[in-house]
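The values are calculated or read from the model by the stated rules, or taken from the named source; none is laboratory data. None of these values were measured; they are calculated from a predicted model. Please note: Cβ atoms are built from the backbone with ideal geometry, for glycine as well, and neighbour counts cover all protein chains shown. Just the protein is used for accessible areas: all its heavy atoms, side chains included, with ligands, DNA and RNA removed. Shrake-Rupley method; radii C 1.70, N 1.55, O 1.52, S 1.80 Å.
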Amino acid sequence: MNVGVLVSGRGTNLQALIDRGRKGELGPARLTVVGGNVLDCPGIARARAAGLPTFVVDHRDYSARAGFDRALVSALRSHQIDLVVLAGFMRVLGEDFLGSFPDRVINIHPALLPAFGGVHAQRQALEAGVKITGCSVHFVDAGVDTGPVIAQSAVLVHEDDDEESLSARILAEEHRLLPAAVRAIAERRVVIENRRVRVLGESITGDVLRSL
Ligand code: GRF
């Protein structure tokens with residue numbers, strides 16, 4: 001299964017995928033190309049350093065989302081991509097993109113969806129005063145962080161947490177959960193039944209005890 005990863009920023013989730021792939025821990029998934037919308041972002045640099053092909057489609061070159069979407073689709077298709085992983089990709093994708101990869105676009109989000117979608121999820125969790133938050137991998141639909149959840153991992157909120165410390169604790173779980181989800185999809189163990197996604201075989205959902 002050829003996997004294309006889209007990034008906009010620092011790319012630590014991409015790095016986790018690269019590292020797991022090198023250890024042979026992504027099963028039949030093969031990182032094939034990394035794309036982004038920001039030319040000199042660290043994520044693209046990480047991909048280059050790993051010897052992966054890269055492409056950049058700058059959203060500012062397009063007056064409408066459809067054109068941007070189509071340019072991304074054609075770049076991914078030229079690498080025969082089967083699965084698209086959004087790993088800190090900060091643009092909302094429209095129908096032109098999602099219709100080209102039905103049920104084949106996933107995203108990692110730093111909260112237990114459907115709580116705290118959108119930006120600054122960790123800050124939202126702190127402001128809401130929740131005691132447990134975490135991260136979610138989900139299929140991408142036309143909304144923002146609204147698609148069917150594939151796997152989640154819980155993280156405790158400590159009394160003295162600030163946004164930085166909480167984000168770091170969640171990020172460590174992201175780096176475990178995203179590669180595990182990619183592997184499960186590539187192993188064809190992930191089945192979508194309307195909004196409910198079943199992961200067959202070994203569970204990939206995290207345990208809150210892991211972060212105590
Ligand atoms: C992660 O927190 C991810 O959950 C969110 O964006 C951040 C990306 O971080 N969607 P990185 O670029 O993978 O380091």
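Pairs linking a residue in the range 6-35 that is in the same structural domain as R91 (by TED's automatic domain parsing) and within 22 Å of L98 (Cβ to Cβ) to a residue that is away from the ligand (no atom under 16 Å from the Cβ) and in a loop (DSSP other than H, G, I, E, B), with Cβ atoms under 6 Å and 6 or more positions apart or on different chains, are A29/M1; T32/H79; V33/P53; V33/H79. Of the set (1) farther than 27 Å from E173 by Cβ; (2) open to solvent by 30 Å² or more (accessible area, probe 1.4 Å), all apply to R10 but (1). When every residue of the range 129-138 is checked against the conditions, none turns out to be part of a helix (DSSP H, G or I) and within 16 Å of the ligand (Cβ to nearest atom).
For the range 160-212, filtered to residues that are among the basic types (K, R) and within 16 Å of the ligand (Cβ to nearest atom), the residue that is farthest from R30 (Cα to Cα) is R169. The numbered conditions (1) within 16 Å of the ligand (Cβ to nearest atom); (2) within 17 Å of V140 (Cβ to Cβ); (3) in contact with a strand residue (DSSP E or B) (Cβ under 7 Å, 6 or more places away or on another chain); (4) open to solvent by 60 Å² or more (accessible area, probe 1.4 Å) are all true for D82 except (1). Within the range 22-64, the set of residues being polar (S, T, N, Q) and more than 18 Å from G88 (Cα to Cα) comprises S63 only. Listed conditions (1) within 14 Å of the ligand (Cβ to nearest atom); (2) of a type outside the set (S, T, Y); (3) more than 17 Å from V7 (Cβ to Cβ); (4) open to solvent by 40 Å² or more (accessible area, probe 1.4 Å) are all met by M90, apart from (3).
Applying the criterion of being among the aliphatic types (A, V, I, L, M) and touching a helix residue (DSSP H, G or I) at 6+ places or on another chain (Cβ under 6 Å) to the residues of the range 47-59, the residue that is nearest to the ligand (Cβ to nearest atom) is A50.
With the requirement that a residue be small (G, A, S) and in contact (Cβ under 8 Å) with a residue 60 or more places away in the chain, what does the range 185-203 give you? Spell out how you get there, then give the answer.
First, pick out the residues of the range 185-203 that are small (G, A, S): 186, 201, 203.
Across the range 185-203, the qualifying residue is only A186.
Scanning the range 51-79 for residues that are in contact (Cβ under 8 Å) with a residue 12 or more places away in the chain, out of contact with any strand residue (DSSP E or B) (no Cβ under 8 Å at 6 or more places or on another chain) and surrounded by fewer than 21 Cβ atoms within 10 Å (Cβ to Cβ) yields a count of 8.
The set of residues in the range 10-46 that are within 12 Å of the ligand (Cβ to nearest atom) and touching a Ser or Thr at 6+ places or on another chain (Cβ under 8 Å) comprises V34, G36, V38, C41, G43, I44. Against the numbered list (1) within 11 Å of the ligand (Cβ to nearest atom); (2) closer than 21 Å to R195 by Cβ; (3) touching a residue at least 40 places away in the same chain (Cβ under 8 Å); (4) touching a helix residue (DSSP H, G or I) at 6+ places or on another chain (Cβ under 9 Å), N107 comes up short only at (4). Of R183, R169, R198, R188, all but one fail to be in a loop (DSSP other than H, G, I, E, B) and among the basic types (K, R); the exception is R188.
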